[in-house]
Amino acid sequence: MQKEIEITGLNKSFGQGASAFHALSGIDLSIGSGEFFTLLGPSGCGKTTLLRIIAGFEEPSTGVLKINGKEVTGLGPSKRPINTVFQSYALFPHMSVADNIGFGLKMLGKPKSEIKSTVAEMLQLVRMEAMADRLPSEISGGQQQRVALARALAPRPRVLLLDEPLSALDLKLRKEMQSELKRLQAETGITFVFVTHDQEEALTMSDRIAVMSAGEILQLGPPQEIYNAPVNRFVADFIGDTNFLILRVKEIGNGEAVLELPGGRQASARLPESISPPVGSRVTAVIRPEQAEPTAAGQGEMQAVVEAATFFGTDTHLHLLLDDAQGFVLRRQNRPDQPSPAPGTRLGLSFAPGALRVLED
Amino acid sequence: MRGHGWKWLLCTPALIVLLLAASGPLLIVAVYSFLSPGNMGGVSWEFTLEAWFRVFFRRDIFEPDLVEWNTAHLQVFWRSIWLSLQTTFICAFLGFPTAWFIATRPRLTRTIWLFLITIPFWTNLLIRTFAIQEMIRNNGTINAVLMWTGLIDSPIQMMFTEFAVLLGMAYVFLPLMVLPLYAAMEKMDFSLVEAGYDLYASRLNVLWHVILPQVKPGFIAGSILVFIPAIGAYVTPRILGGGRTMMLGNLIALQFGQGRNWPLGAALALLMLVVVVGALIFYLRVVGRNDEVRRG
Ligand SMILES: Nc1ncnc2c1ncn2[C@@H]1O[C@H](COP(=O)(O)OP(=O)(O)O)[C@@H](O)[C@H]1O
Ligand SMILES: [Mg+2]
């Protein structure tokens, strides 16, 4: 895959000396041409800062940023083949929708006829033909979002940066715009760098995700890998729901650890390469709520008592208490022929090999 | 809506002041402009259009039937309008970068700069104007320095010129432009500027297409705040302009003082009011129409 953006050894700090704040440290990243790449992390972890550095609004303190193979350090935003969809949309309030969309082309000095046809094309692409002459204040938030998108796409940038573009929309509109964005990206073939703090959004939309925390990239990979093989406790906690179990190591070998489960049985779990806990010590292990299954009491790897059941429509969350009093949540798909067990019921838990993983803390 | 009636009472004190201090005197001035001048100033209660006639025309002293335009009055009118327009432009030109500088400081420092901008208001206008005089008079600071450095041989005449009046007025009215401009810029969404750069605009294009349309209300408010008091300025043209660059305010004061022609002064004052209101309506019309065209 051809590399569109290459970032090596990038650091960014605000302020000087002792009071300097390190917003980004040691970022290494390469984004492929035509990729839908997502920066995911909690608020304040440096996502916007990284995006602003790529756009050219901020300069990195150290490190190299290449776009399409060329180093762009020192080039202003108007010199980079990159456009941004701002979190606040930043539509020009005194210009009509059409003028907003045509602004970039006009500044590039394109002929009037070309601007007109591209604007018409963009209006159609985001399905806003009827609103061309309205002012931004005269259209809804979702429509403003589309206009901001069309405005950024109109000059045909190599890369489109989107800073939490959907966070201001309500749930239904957000779902709609998610598939709209995927469609636009497929149709235009433009590289998307998408910022969100919503893990579900990241999982459903991205080709690859970089999970960030406190200015660092903790894990980088496709959504399945991030979900199924989180590298540490933070990633596991941030992406999806997870059961954390503190378990004792009985044996170590072959990149696996044999752990003692509540109730006395044993199971082997994958060990990350970065750690090698001594035998007898306690480690944190995880199982996703949907990767365990209820069985009859006395069977399976662990035994538990049902404390409560929460109904979620498609599935039910069973809140369990394991034998050693650790909590465990089990997600079970609802079926009319299988009523959820009443509180107080005893049941066994089984899980597939590979579901149990040891994590770096 | 119920219970809102009595709240109207809250503004009655202000209304009473307005009535006593503005509407009442205005009415008196309007009436005076149609009366004859008294011998020792004041008015004598005889109706005549003579004052209004003399605003525009002049009779020959020896042949009263020979009527010509009163060019002296018209010149003062024109000078007042022209100097006020120039003052407004100078203030806008100097005020914009000043306001921009303040608006782009960190929040805490902004307060300090704003405070500094208002400091001149703390000193009496008369004293400030005399200070300017001290700078620009023939043996004042500027000329002394220039002559000492040998750049000039004889002092440059700055006092009693239109330049002196412009300098004084621009100085006095500059804060009235900076403050509304600052208010407009402070409300501005600076991500619009970034969006401009992001969409390949040059600095000049960002200024023209993004920033100026955003701060336009500030310019409108600032222009009105500067132009109106400028056209009636009294102290500055009196001290720095002298008799040769008289402005409307001085002409009117002259009629109520040495001229002892109150009706003429009243007529001139009313005409000034008409000019100001007319200019204001014209200005807002023009500015407002641009907005409608954009919406097209
Ligand atoms: N211009 C700045 N000056 C000082 N600190 C900043 C500046 N911009 C961002 N920060 C700090 O950097 C951190 C990361 O911010 P940001 O990139 O906006 O996070 P995110 O977009 O992930 O929520 C925050 O703690 C923020 O306060
Ligand atoms: Mg952010």
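The values are calculated or read from the model by the stated rules, or taken from the named source; none is laboratory data. Owing to the predicted nature of the structure, the values given are computational and were not obtained by experimental measurement. Cβ sites come from the backbone with ideal geometry, for glycine too, and all protein chains shown count toward neighbours.
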Q | Matching entry among A:236, A:229, A:186 (being in contact (Cβ under 8 Å) with a residue 60 or more places away in the chain, surrounded by fewer than 22 Cβ atoms within 10 Å (Cβ to Cβ) and either at positive phi or away from ligand 1 (no atom under 16 Å from the Cβ) (or both)) | A | A:229
**Q.** Single match in A:193, A:249, A:211 (criterion: within 16 Å of ligand 2 (Cβ to nearest atom), touching a Gly at 6+ places or on another chain (Cβ under 8 Å) and among the hydrophobic types (A, V, I, L, M, F, W, C))
**A.** A:211
Q) For the stretch A:65-84, how many residues are touching a Pro at 6+ places or on another chain (Cβ under 8 Å), of a type in the set (Val, Ile, Thr) and more than 9 Å from chain B (Cβ to nearest Cβ)? A) 2
Q.
Please count how many residues of the stretch A:100-128 are more than 8 Å from chain B (Cβ to nearest Cβ) and not in a helix (DSSP H, G or I).
A. 6
Q. Got a sec? Which of B:128, B:110, B:105 is outside any helix (DSSP H, G or I), basic (Lys, Arg) and surrounded by 12 or more Cβ atoms within 10 Å (Cβ to Cβ)?
A. B:105
Q) Quick one: which of A:62, A:38 is away from chain B (no Cβ under 11 Å) and at pLDDT 95 or above? A) A:38
Q: Could you check the stretch A:184-290 for strands (runs of 3 or more DSSP E) lying wholly inside it with 2 or more residues that are acidic (Asp, Glu)?
A: A:256-260
Q | Selection status of residue A:91, farther than 26 Å from residue A:222 by Cβ, part of a helix (DSSP H, G or I) and at pLDDT 95 or above | A | no
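Residue by residue, here is whether (1) under 22 Å from residue B:191 (Cβ atoms); (2) surrounded by 16 or more Cβ atoms within 10 Å (Cβ to Cβ); (3) free of Cβ contacts under 8 Å to residues at least 60 places away in the same chain; (4) among the β-branched types (Val, Ile, Thr) holds:
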{"position": "A:27", "(1), (2), (3), (4)": "no, yes, no, yes"}
{"position": "A:31", "(1), (2), (3), (4)": "no, yes, no, yes"}
{"position": "A:36", "(1), (2), (3), (4)": "no, yes, no, no"}
{"position": "A:45", "(1), (2), (3), (4)": "yes, yes, no, no"}
{"position": "A:51", "(1), (2), (3), (4)": "yes, yes, no, no"}
{"position": "A:56", "(1), (2), (3), (4)": "yes, yes, yes, no"}
Q) All but one of (1) closer than 18 Å to residue A:94 by Cβ; (2) within 14 Å of chain A (Cβ to nearest Cβ) hold for residue B:200; which doesn't? A) (1)
Q. Any idea which of B:184, B:144, B:201 is out of contact with any strand residue (DSSP E or B) (no Cβ under 8 Å at 6 or more places or on another chain), aliphatic (A, V, I, L, M), modelled with pLDDT of 90 or more and more than 30 Å from residue A:105 (Cβ to Cβ)?
A. B:144
Q.
If I filter the stretch A:88-99 down to residues being surrounded by fewer than 23 Cβ atoms within 10 Å (Cβ to Cβ) and at the interface with chain B (Cβ under 8 Å from one of its Cβ atoms), which single residue comes out as nearest to residue A:62 (Cα to Cα)?
A. A:88
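Taking the stretch A:346-361 as the search range and keeping residues that are on the phi < 0 side of the Ramachandran plot and outside any strand (DSSP E or B), which one is modelled with the lowest pLDDT?
Among residues in the stretch A:346-361 that are on the phi < 0 side of the Ramachandran plot and outside any strand (DSSP E or B), the one modelled with the lowest pLDDT is A:361.
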Q: Enumerate the pairs (first residue in the stretch A:163-182 and within 14 Å of another protein chain (Cβ to nearest Cβ) and at positive phi; second residue anywhere and within 15 Å of ligand 1 (Cβ to nearest atom) and among the hydroxyl-bearing types (Ser, Thr, Tyr)) with beta-carbon separation below 9 Å, excluding pairs fewer than 6 apart on the same chain, so at least 6 apart or on different chains.
A: A:164/A:48; A:164/A:196
Q. Can you name the residue in the stretch A:189-203 that is closer than 20 Å to residue A:231 by Cα and away from ligand 1 (no atom under 16 Å from the Cβ) and, of all such residues, is nearest to the other protein chains (Cβ to nearest Cβ)?
A. A:200
Q.
Just checking, does the stretch A:91-105 include any residue being free of Cβ contacts under 8 Å to residues at least 40 places away in the same chain, in the same structural domain as residue A:183 (by TED's automatic domain parsing) and within 16 Å of ligand 2 (Cβ to nearest atom)?
A. no
Q. Residues in the stretch B:34-53: is at least one in contact with a strand residue (DSSP E or B) (Cβ under 8 Å, 6 or more places away or on another chain), part of a helix (DSSP H, G or I) and free of Cβ contacts under 8 Å to residues at least 24 places away in the same chain?
A. no
Q. Under 6 Å by Cβ, and 6 or more places apart or on different chains, what pairs join a residue from the stretch A:278-290 that is under 18 Å from residue A:331 (Cα atoms) with one that is at pLDDT below 90 and exposed (fewer than 15 other Cβ atoms within 10 Å of the Cβ)?
A. A:289/A:241
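Need a quick list: strands (runs of 3 or more DSSP E) entirely within the stretch A:22-86 having at least 1 residues that are within 16 Å of ligand 2 (Cβ to nearest atom).
Once the strands (runs of 3 or more DSSP E) in the stretch A:22-86 are filtered for at least 1 residues that are within 16 Å of ligand 2 (Cβ to nearest atom), what remains is A:36-40, A:82-85.
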**Q.** Selected residue (only one of A:17, A:32, A:56 is more than 23 Å from residue A:86 (Cα to Cα) and either more than 13 Å from ligand 1 (Cβ to nearest atom) or within 17 Å of the chain's Cα centre (by Cα) (or both))
**A.** A:17
